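Accompanying notes for the structure given below.
The values are calculated or read from the model by the stated rules, or taken from the named source; none is laboratory data. In this text the structure is predicted, and so the values were computed from the model without any measurement. Counting neighbours? That spans all protein chains shown, and the Cβs are built from the backbone with ideal geometry, glycine included. Accessible surface is based on the protein model in full, side chains and every heavy atom, while ligands, DNA and RNA are left aside. Shrake-Rupley method; radii C 1.70, N 1.55, O 1.52, S 1.80 Å.
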Amino acid sequence: MDQKSFVKLCKDVKLVDKSFTTTDADLIFTKVVTKGQRRIDFGHFSAALDQVAAKKGTSAEAIRDAICSAGGPTLNGTVADHVKFHDDKSTYTGTHVNGGPESVRKGGGTATQLASGGMASGH
């Protein structure tokens with residue numbers, strides 16, 4: 001587990017409050033991680049939970065129970081707003097009513113040449 005995941009776990013399990021902040025979680029992780037490493041194993045994780053319990057003034061068993069009963073991580077994301085002219089196909093205009101413009105074949109000339117009647121003119 002890395003530091004970011006440990007802090008997120010503390011937030012998701014609602015361990016973070018006035019007596020135990022995210023900064024405290026960061027500091028505890030830093031204390032238990034092996035020097036030069038970025039992740040902790042289960043042994044270090046257990047030691048970190050003991051320190052969290054000490055900081056919060058509760059038992060390590062209560063902290064473990066809170067984590068086990070949390071039911072997994074909390075995932076948050078954003079949902080895009082409904083945009084009338086983009087999402088409602090009945091409001092489409094121009095060539096997009098029929099599915100949009102077709103692509104021009106490669107080497108078919110510039111848009112100006114195509115609009116003026118093609119490249120066959122002898123000018």
Which listed residue, of Asp26, Asp12, Asp88, is free of Cβ contacts under 8 Å to residues at least 12 places away in the same chain and charged (D, E, K, R)
Asp88
Does Gly77 satisfy being open to solvent by less than 90 Å² (accessible area, probe 1.4 Å), modelled with pLDDT under 65 and part of a loop (DSSP other than H, G, I, E, B)?
no
Can you find, within segment 103-120, the residue that is modelled with the lowest pLDDT among those that are surrounded by 10 or more Cβ atoms within 10 Å (Cβ to Cβ) and assigned to a helix (DSSP H, G or I)?
Leu114
Does segment 87-102 include one or more residues that are at pLDDT 80 or above, open to solvent by 100 Å² or more (accessible area, probe 1.4 Å) and in a helix (DSSP H, G or I)?
no
